[in-house]
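In what follows, a single structure is set out as structure tokens and then discussed.
The values are calculated or read from the model by the stated rules, or taken from the named source; none is laboratory data. None of these values were measured; they are calculated from a predicted model. With ideal geometry, Cβ positions are generated from the backbone for all residues, glycine too; neighbour counts draw on all protein chains shown. Calculation scope for accessible area: heavy atoms of the full protein, side chains included, ligands and nucleic acids excluded. Shrake-Rupley method; radii C 1.70, N 1.55, O 1.52, S 1.80 Å.
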Amino acid sequence: PQPPKPPQVKWAVKGLEEDEGEPPAGAVFDHVTMNLPATAIEFLDVFKGAFDRAVWGSRRLPTIHCYTFKCASETFDDVVKRGEGYLGAKITDPHVHEVRDVAPNKIMLCLSFTLTPEVAFAEEA
């Protein structure tokens, strides 16, 4: 038989109606890594309104690390603006660093930023 799952894993895999309320210690997360550079940036919109203020409470919101590509003529600011377009909100204090040069005119970058309450707890219009 398999060993029992730790409480935080049990909480994370329960059905939606069962995971209401306070997660056990260790079940929260600090970072999200989106490591499919060809398309990851297109999925930033999933964070808008994805957090429940009552459940998340006063915890620090996670830092998002989104790998993406840029062409040689684009700037880091262009990448941030592209990310903001997909997120649907301004990215506060972005950090962009070059990961590697993958091909002529194709550079892999990582765009990192901490979610803001305005994005995380946004309500649908």
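One residue stands out in segment 54-78 among those that are assigned to a helix (DSSP H, G or I) and either touching a helix residue (DSSP H, G or I) at 6+ places or on another chain (Cβ under 8 Å) or among the aromatic types (Phe, Trp, Tyr) (or both): the one that is surrounded by the fewest Cβ atoms within 10 Å (Cβ to Cβ), namely 76. Scanning segment 22-31 turns up no residue that is at pLDDT 95 or above, more than 18 Å from the chain's Cα centre (by Cα) and surrounded by 11 or more Cβ atoms within 10 Å (Cβ to Cβ).
Residue count for segment 95-124 under the criterion of being assigned to a strand (DSSP E or B), aliphatic (A, V, I, L, M) and surrounded by 13 or more Cβ atoms within 10 Å (Cβ to Cβ): the result is 6. Residue check: is residue 51 of a type in the set (Phe, Trp, Tyr) and open to solvent by less than 40 Å² (accessible area, probe 1.4 Å)? Taking the combined requirement at face value, the residue satisfies it. Scan segment 9-21 and give yes if some residue there is at pLDDT 85 or above and assigned to a loop (DSSP other than H, G, I, E, B), otherwise no. Within segment 9-21, none of the residues are at pLDDT 85 or above and assigned to a loop (DSSP other than H, G, I, E, B).
Could you please let me know if residue 92 is more than 17 Å from residue 42 (Cα to Cα), surrounded by 11 or more Cβ atoms within 10 Å (Cβ to Cβ) and either polar (S, T, N, Q) or over 18 Å from the mean Cα position of the chain (by Cα) (or both)? Here the answer is yes, as residue 92 does meet what is asked.
Contact map, segment 70-99: residues that are in contact (Cβ under 8 Å) with a residue 40 or more places away in the chain paired with residues that are open to solvent by less than 40 Å² (accessible area, probe 1.4 Å) and assigned to a loop (DSSP other than H, G, I, E, B), Cβ distance under 8 Å, separation 6+ or inter-chain. Pairs shown: 83/91; 89/116; 89/122.
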